[in-house]
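Following: one structure in structure tokens, then a few remarks.
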Amino acid sequence: MKKLALYLLLLLPFFVKAQTEIGMRFDHQLSWAQIKEKARSENKYIFVDVFATWCGPCKLMDRKVYTNDTVAALMNDKFISLKLQLDSAKADDDYVKSWRKDAGDFQALYKFAGYPSFVFFTPDGKMILQDIGYKTPVEFTAMANQSLDPQRLKYFAMLEAYKNGQKNYTSLGGLALFTRDVVQDRKLAKEMGQDYKTNYLDHLQAADALVKSKEFIIEYSYLISIKDSLFVLCYNDPAKADQLADQKGWAARQVAGAICREELDPQLIKDGKALYQDPDFKRLFAAVETKYPKADLKRSLLNYQAAYHRKQNQWLSYAKTKDEQIKMYPPADAFGVYVEINVYGAWDLFLHCNDHTVLRTYGLKWIDMALKTGAKENEAEYLDTKANILYKLGEKKVAIALEKQATDKTPGDKDIYANYQKMLRSEKTWTNEN
């Protein structure tokens, strides 16, 4: 299935051929050792696209990003590119299988948390940047250019200096990001981030801090506290904060995030676990809305409530809350429908919920909403989602007919076809329950 990074941690990773015929060139002949040797001899960086065959955003990258002329020109000139598949399929060829050991080492070393993931290496094979999630062509180009920035190589020396007690606060924010994303020492990166915020950013005016350290503040926004001047800026002048962050709605998200972390979490969560089965959300939400009257918290509070129920597998309460959220804040575009209604809605229920009433009342309702949008590029996935829900509900004949439609619309999709075959053999198409 072409689903988002929510569904992770597959067992066997593999390299495969590129799925695009034009645009970026992906190598599908050389071994990892040969690719590294080629990169050294040609002085080219290495790019690895990490994906799963069922991952929707991964397929969107293939269709919309890797075929982009600007992206292709940059990547074909500066990089040797390859694709790393982290799931297995019956259609995998001998070349895919030949990468099993090296690809397994990649998974163990870089601990990919979802798909698509992107890994960049220097010509001498040193990992220089790692990122995750669907990127637009502009975002992808910026990410690739960032990997080429010579400053990133200097961070290795700066990291050793920091460990020896030498701190340069003007560059510590960038070093924290580097330590998190490249070195992947998240504990140290968090320590650096807190150090940088407490001993440097907190001593600046909020607007100055956002201008000087925009990338750090956006990436470490969870450090923003309701006591900070940056919170005050976001709360009192969200338009200015959005302008400085260059993201519409950024200030509102920071206000809501800080309020949820500091006003709600202490009352509802301890050591990462929910304290109550059925909290009085109405009373709690009314209290924070009264305390912060300038903030529009309704959407964020609905998100909070839905996440609280889902974490406890309270599927009926979760579905009711999410349904209210969809009604009040319908997705703005086709990608929003795909993510919010299909992946984090109907498909999520199919994978994890065993309550047939919830699946029938909400899962089928949401996927029918997605189908009614008429988005042709996602129609096969929506049919696939509906077929799988019906199959789980025991309506095998109807499910198989729908899955056949999905297969016919995307004849090259290995996993939709695989699920179609499973249905014909009366095998389960879901594995992750509760």
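Taking a straight Cα-Cα cut-off under 16 Å and skipping sequence neighbours fewer than 8 places away in the same chain, the lysines within cross-link reach of Lys212 are Lys197, Lys240.
DSSP finds beta bridges in the chain, and of those with both partners inside it, around 65 percent are antiparallel. Around the amide H of Ile269, modelled in the peptide plane, lie the amide H atoms of Leu275, all under 5 Å away and 5 or more residues distant in sequence or on another chain.
Which aspartates and glutamates, if any, have their Cα less than 20 Å from the Cα of Lys291, not counting same-chain residues under 8 positions apart? Within reach: Asp228, Asp237, Glu262, Glu263, Asp265, Asp280. Each of Ala332 and Lys311 was given a label point 7 Å from its Cα along the Cα-to-Cβ line. The distance between the two points is 2.8 nm. Taking amide H atoms as placed 1.01 Å from N in the peptide plane, the amide H of Ser81 lies under 5 Å from those of Asp27, Phe47, each 5 or more residues away in sequence or on another chain. Taken about its Cα centre, the chain carries a charge dipole of roughly 580 debye when the Cβ of each Lys and Arg holds +1 and the Cβ of each Asp and Glu holds -1. Shape of the stretch 313-434 from its Cα gyration tensor (a ≥ b ≥ c, root eigenvalues): rounded if a/c is under 1.5, otherwise prolate when a/b > b/c, or oblate? Oblate is the answer for the stretch 313-434, as a/c is 1.5 or above yet b/c matches or exceeds a/b. Of the cross-linked pairs Lys111/Lys282; Lys298/Lys414; Lys273/Lys396; Lys273/Lys422; Lys320/Lys376; Lys273/Lys327, those separated by over 31 Å at the C-alpha level are Lys111/Lys282; Lys298/Lys414; Lys273/Lys396; Lys273/Lys422. Full extension of the segment from Leu424 to Leu204, taken as 0.36 nm per residue of separation minus the current Cα-Cα distance, would add 72.8 nm. With the convex hull of the Cα atoms taken as the outline of the stretch 14-149, the averaged projected area works out to 7.3 nm². A crude spin-label estimate for the pair Gln247 and Tyr110, with each label 7 Å from Cα along the Cβ direction, gives 2.3 nm.
Couplings 3J(HN,Hα) for the stretch 206-223, derived from phi with the Karplus relation 6.51 cos²θ - 1.76 cosθ + 1.60 (θ = phi - 60°), are 4, 5, 5, 4, 5, 5, 6, 9, 4, 4, 4, 5, 5, 6, 10, 5, 5, 7 Hz, where x marks Gly and Pro. Of all aspartates and glutamates in the structure, those lying under 14 Å Cα to Cα from Lys163, and not within fewer than 8 positions of it along the same chain, are Asp185, Glu191, Asp195.
A full extension of the chain between Val183 and Ser229 corresponds to an added length of 13.5 nm, given 0.36 nm per residue minus the alpha carbon distance.
Under the simplified labelling scheme, the Thr136-Lys282 pair shows an inter-label distance of 4.1 nm, with each label point 7 Å from Cα along Cα→Cβ. Among Ala144, Gly125, Gln314, whose Cα sits farthest toward the positive end of the charge dipole of the chain (+1 at Cβ of Lys/Arg, -1 at Cβ of Asp/Glu, about the Cα centre)? With unit charges placed on the Cβ atoms, the residue in question is Gln314. Compared with the rule-of-thumb size 2.2 N^0.38 Å for a compact globular protein, the chain has a Cα radius of gyration ratio of 1.06. Electrostatic bookkeeping for Lys111 treats Lys and Arg as +1 and Asp and Glu as -1; over the other residues with beta carbon under 15 Å from its beta carbon, the sum is -1. Helix-only arithmetic for the chain: the sum of -39500 (n - 2.57) across DSSP H runs with n ≥ 4, divided by the residue total, places the mean residue ellipticity at 222 nm at -15500 deg cm²/dmol. When the charge dipole of the stretch 313-434 is built from unit charges on Cβ atoms (+1 for Lys and Arg, -1 for Asp and Glu) and taken about the Cα centre, the candidate among Val398, Ala375, Thr361 whose Cα reaches farthest toward its positive end is Val398. A cysteine counts as unpartnered when no other cysteine's C-beta lies under 4.7 Å of its own; in the chain this applies to Cys234, Cys260, Cys353.
Extension gain, Arg100 to Glu324: 0.36 nm times the residue separation minus the Cα-Cα distance gives 76.1 nm.
Annotation: peptides 214-222, 150-158, ranked by per-residue average of other Cβ atoms within 10 Å with the highest first, follow the order 214-222, 150-158.
Bear in mind that the values in this text are calculations on the coordinates, not laboratory data. What you see is a predicted model; the values in this text were computed from it and never measured. All Cβ positions, even for glycine, are placed from backbone atoms using ideal geometry, and neighbour counts span all protein chains on display.
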